[in-house]
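In what follows, a structure is listed as structure tokens, so that the remarks can point back to it.
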Amino acid sequence: MNRPYIRTRATVTTIGIDLLIALVPAVAWAVFSRGAGAAGIIAASLAGACAADAVFDLCRKKLPGFELLCAPLIGIVTGLCLPHDAPVWLAASAGLAAELIFGRLADLTGRRFINPTAAAICLVLLIFGGMLSKDQNAVIAGLGPKHLDFGVQTLITPNNAALGTAPAAVLIGLAYLLIRRVISIHIPLAFMLTFGVLTMLFTSNPTDADAPVFALSQMLSGTVLLGAVLVAPMYASSPASAGGRLLFGIGCGALTFLFRHMGATGALSEGTMFAIVCMNIFVPLIERVAYRRKK
């Protein structure tokens, strides 16, 4: 159920509260593992998004209000998608751009057709990618199966690509959202399975016993899991139908694989956020295809 407030008693505000609760494990663990610097980055992104929301309302001669919780949600998720060494001013700028440019200004067109967080992170990577973590590519592409030792440490340790990448924390948030029926499993599952299968088939020998381990390592690297769970399923920029969500997730996973493993360099090499933005553009077409098949 991708829009639970349509068929249930849930309101947009209660859904926003559920989403905030789902972010608590990722935020708490990012601050615990990375310290005050992580708290500063997330707080700066949150402040930038809320400030943009308030200024936009004032310019339209309205009293600022966060009753829908969109700005806080976008600010926190954007902060979680930034690496641990991002400057505070850059985090604030990313939050501001996500809410103002890709959020409130996009609302004037009638729909937030591009995910604000994904678009803002893409903008940051394209313009300021050289200032961010220099070892992101090692996290993404440099780990072969022989270097991996899966265990509790793997599940609780965020990688250098972003603050909110501790797998256990993201999965706890996913479980909460599924239990509360805020999102469906279609997009996260299709996203992760597509990316994992393509990685196993085309970047290692599928008959090798270590191939599944390598695929799993790639699924837990960078922002793949974070993007699949907390970014891609955003209501306004994802399909409403179950079939559409499956197609959207498959497309996100396939494009993430292509960006990572088919020669992309620089800002494109991580791939997840760029894949989500690309698929956002095709959402109207996906919905049309899914609707025709349903008929």
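The values are calculated or read from the model by the stated rules, or taken from the named source; none is laboratory data. Note that the structure is predicted; figures quoted are calculated from it, not measured. With ideal geometry, Cβ positions are generated from the backbone for all residues, glycine too; neighbour counts draw on all protein chains shown.
Figures for the structure shown
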item: Failed item in (1) within 19 Å of residue 34 (Cβ to Cβ); (2) free of Cβ contacts under 8 Å to residues at least 60 places away in the same chain, with residue 127 passing the rest; result: (1)
item: Contacts under 7 angstrom Cβ, first residue in the range 252-263 being farther than 16 Å from residue 281 by Cβ, partner modelled with pLDDT of 90 or more and among the β-branched types (Val, Ile, Thr), 6 or more apart; result: 253/194
item: Some residue of the range 28-40 being within 30 Å of residue 284 (Cβ to Cβ) and either at pLDDT 90 or above or among the aromatic types (Phe, Trp, Tyr) (or both); result: no
item: Looking only at the range 252-273, and only at residues there that are assigned to a helix (DSSP H, G or I) and surrounded by 23 or more Cβ atoms within 10 Å (Cβ to Cβ), the one that is modelled with the lowest pLDDT; result: 260
item: Qualifying positions in the range 162-192 - among the aliphatic types (A, V, I, L, M), closer than 17 Å to residue 272 by Cβ and surrounded by fewer than 24 Cβ atoms within 10 Å (Cβ to Cβ); result: 171, 174, 189, 190, 192
item: For residue 195: the one exception among (1) among the hydrophobic types (A, V, I, L, M, F, W, C); (2) within 20 Å of residue 80 (Cα to Cα); (3) crowded, with 24+ Cβ neighbours inside 10 Å; result: (2)
item: Some residue of the range 128-151 being within 20 Å of the chain's Cα centre (by Cα), surrounded by fewer than 17 Cβ atoms within 10 Å (Cβ to Cβ) and modelled with pLDDT of 80 or more; result: yes
item: Hey, residue 53 part of a helix (DSSP H, G or I), buried (at least 24 other Cβ atoms within 10 Å of the Cβ) and acidic (Asp, Glu) or not; result: yes
